[in-house]
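Engineer: This structure is in structure tokens; I'll ask about it shortly.
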Amino acid sequence: MPIPDYQSIMLPLLKFAGDKKEHSIREAIEHIANIFNLSEEERRELLPSGQQYIIDNRVSWARTYLKKAGLLALTKRCYFKITDLGLLERWPRGLRQRFAK
């Protein structure tokens with residue numbers, strides 16, 4: 001399976017945060033990689049710059065857009081939490097980038 005783009009990661013990331021607990025980005029990356037059944041090779045695939053894993057980058061971008069949309073809040077460095085607006089009962093059909101302002 002190819003590594004998902006950040007838009008495909010947004011809804012699973014929001015569901016992951018739906019427990020209303022504070023989560024680390026590392027915890028989220030591991031969870032998303034498991035959901036998409038990424039192999040160890042895919043998990044270690046680097047961006048062309050060679051500076052970051054692709055899956056780490058895409059989960060981080062998904063988190064950034066969800067934060068910009070007010071659905072996630074950054075609680076401290078590398079940690080986030082769902083907001084009241086982000087609770088899934090408000091978003092039953094999924095998310096797209098256009099919701100991230």
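The values are calculated or read from the model by the stated rules, or taken from the named source; none is laboratory data. Because the structure is a prediction, the values reported are computed rather than measured. So basically every Cβ, Gly included, is an ideal-geometry build from the backbone, and we count neighbours across all protein chains shown.
Engineer: Considering only residues of the range 84-101 that are exposed (fewer than 15 other Cβ atoms within 10 Å of the Cβ), more than 18 Å from residue 35 (Cβ to Cβ) and among the aliphatic types (A, V, I, L, M), which is modelled with the lowest pLDDT?
Structural biologist: Filtering the range 84-101 for residues that are exposed (fewer than 15 other Cβ atoms within 10 Å of the Cβ), more than 18 Å from residue 35 (Cβ to Cβ) and among the aliphatic types (A, V, I, L, M), the one modelled with the lowest pLDDT comes out as 87.
Engineer: Kindly establish whether residue 60 is among the small types (Gly, Ala, Ser) and either modelled with pLDDT under 95 or not in a helix (DSSP H, G or I) (or both).
Structural biologist: In short, no.
Engineer: Does any residue in the range 25-49 that is in contact (Cβ under 8 Å) with a residue 40 or more places away in the chain and within 17 Å of residue 61 (Cβ to Cβ) come within less than 7 Å, Cβ to Cβ, of a residue that is surrounded by 14 or more Cβ atoms within 10 Å (Cβ to Cβ) and polar (S, T, N, Q) six or more places away or on a different chain, and which pairs are these?
Structural biologist: These pairs meet every condition: 25/60.
Engineer: Step by step: first the residues of the range 58-75, then only those that are charged (D, E, K, R) and free of Cβ contacts under 8 Å to residues at least 40 places away in the same chain, then the one that is farthest from residue 32 (Cα to Cα). Which residue is that?
Structural biologist: So, considering only residues that are charged (D, E, K, R) and free of Cβ contacts under 8 Å to residues at least 40 places away in the same chain, the one farthest from residue 32 (Cα to Cα) is 68.
Engineer: Then there is this: So, in the range 24-54, of the ones that are in contact with an Asp or Glu (Cβ under 7 Å, 6 or more places away or on another chain) and assigned to a helix (DSSP H, G or I), which residue ends up surrounded by the most Cβ atoms within 10 Å (Cβ to Cβ)?
Structural biologist: Selected residue: 29.
Engineer: Can you report the number of residues in the range 15-71 which are over 26 Å from residue 85 (Cβ atoms) and hydroxyl-bearing (Ser, Thr, Tyr)?
Structural biologist: Residues flagged as over 26 Å from residue 85 (Cβ atoms) and hydroxyl-bearing (Ser, Thr, Tyr) within the range 15-71 amount to 3.
Engineer: Checking residue 81 against (1) outside any helix (DSSP H, G or I); (2) modelled with pLDDT under 95: exactly one of these is not met. Which one?
Structural biologist: Among (1) outside any helix (DSSP H, G or I); (2) modelled with pLDDT under 95, the lone unmet condition for residue 81 is (2).
Engineer: Continuing with the same structure: Take the residues in the range 1-17 that are exposed (fewer than 14 other Cβ atoms within 10 Å of the Cβ) and of a type outside the set (Asp, Glu); name whichever of them is nearest to residue 78 (Cα to Cα).
Structural biologist: 2
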